[in-house]
Amino acid sequence: MKPSLTERRAFLWTLMFVGITAISFSAIFVKWTDAPASVIGMYRLALTLIGMTPFLFRYRAELRAVPRRDWALLGLSGALLALHFLFWMDSLRYTTVASSTVLMTLEPVLVMLGALVFFRERIRRMGIVAMGVALAGAALIGWGDFRLSGTALYGDLLSLLGTLAVVGHMLLGQALRSRVSSFLYSYAVFAAATVAFAGYNAAAGHAFIGYAANDWLIFGLMAAVPTVFGHLLFNWMLKFAGATTVSMAVLGEPVGASLLAWALLGESLTPLQGFAGALLLGGVWLFLRYGGRNARHGADTVRPPAAEPAPAPAANA
């Protein structure tokens, strides 16, 4: 029996929850290692690629069919992903998890503007209201955490630069995912980002080996949890949900990351931040339930998946 539209939407929203939970662990893992941010980024992607490579032969026909222009765009998307990881992970050395993640809540606003310009997408009035509610909650999470001291302000600036980079990555992803499969898109982007990180680490003089066992464990966890069950999953959903909706779902990360930082790192979490988290999640739910609409297709932003399967094989990495 074919699942109903409601069931298929529920399936996508469940995957979004899994992805949000997975990426919420990123900040925790970064805090647990002293390795340079660029080295963490390089190995989280390199280890993910190792797990994906055995399945690449299934896409050999598609590999030959990808035009040169799309290869260039895939490379650019990978470079932007590397910049996002570099700036954001490095920001955690200078500021708290709450401050770093809350600045990334600018992502859906910027993605929405980009989708409006490049894809002629429209957002329902309820979507704008829901986005405002979610952003208000995100701002309250970091209200008492922002500081104008030198190191914290520098960390906040790095987080903002990381947000700008991921906006470009998401918009390119939406364009490419309309004609490139989820697996090949993710593989090419991760490979380009790994190469970019390797070049940066070589130029910066960062060691490629010699890290402690705990660091290698963190590299593996970063690959398995936030990359496979987070970014890889979101890459697949770009085709069916669109960049704006996926970016709105990612707004749940400050809530998850703040809760994990409170439980695992001992960072403070006030009643105001608890209320703000509920407000943020409520705004995200309103947007996913009522807010999105694609004017070109006349369909809900969250479209049911059709022929392409979820990237289950890569999850075995």
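The values are calculated or read from the model by the stated rules, or taken from the named source; none is laboratory data. Nothing here was measured: the structure is a model prediction, and the numbers come from that model. Don't worry about glycine lacking a Cβ; one is built from the backbone with ideal geometry, like all the others, and counts go over all protein chains shown. Please note that ligands, DNA and RNA were not included when accessible areas were found on the heavy atoms of the full protein model with its side chains. Shrake-Rupley method; radii C 1.70, N 1.55, O 1.52, S 1.80 Å.
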Selection count where residues are modelled with pLDDT under 90 and under 28 Å from ARG179 (Cβ atoms), scope segment 59-98: 0
Filtered residues of segment 30-52 (kept if farther than 22 Å from ALA192 by Cβ and open to solvent by less than 10 Å² (accessible area, probe 1.4 Å)): THR33
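Here is a yes/no grid of residues against (1) within 15 Å of the chain's Cα centre (by Cα); (2) closer than 22 Å to ALA72 by Cβ; (3) assigned to a helix (DSSP H, G or I):
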position: VAL180; (1), (2), (3): no, yes, no
position: PHE183; (1), (2), (3): no, yes, yes
position: ALA188; (1), (2), (3): no, yes, yes
position: HIS206; (1), (2), (3): no, no, no
position: GLY220; (1), (2), (3): no, no, yes
position: ALA224; (1), (2), (3): yes, no, yes
position: THR227; (1), (2), (3): yes, no, yes
Looking at (1) at pLDDT 75 or above; (2) surrounded by fewer than 23 Cβ atoms within 10 Å (Cβ to Cβ), which is the only condition VAL109 fails? (1)
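Determine whether SER178 is touching a residue at least 60 places away in the same chain (Cβ under 8 Å), among the hydroxyl-bearing types (Ser, Thr, Tyr) and open to solvent by less than 20 Å² (accessible area, probe 1.4 Å). Full working, then the answer.
Details: touching a residue at least 60 places away in the same chain (Cβ under 8 Å): yes; among the hydroxyl-bearing types (Ser, Thr, Tyr): yes; open to solvent by less than 20 Å² (accessible area, probe 1.4 Å): no.
Considered against the rule, which asks whether it is touching a residue at least 60 places away in the same chain (Cβ under 8 Å), among the hydroxyl-bearing types (Ser, Thr, Tyr) and open to solvent by less than 20 Å² (accessible area, probe 1.4 Å), SER178 comes out as no.
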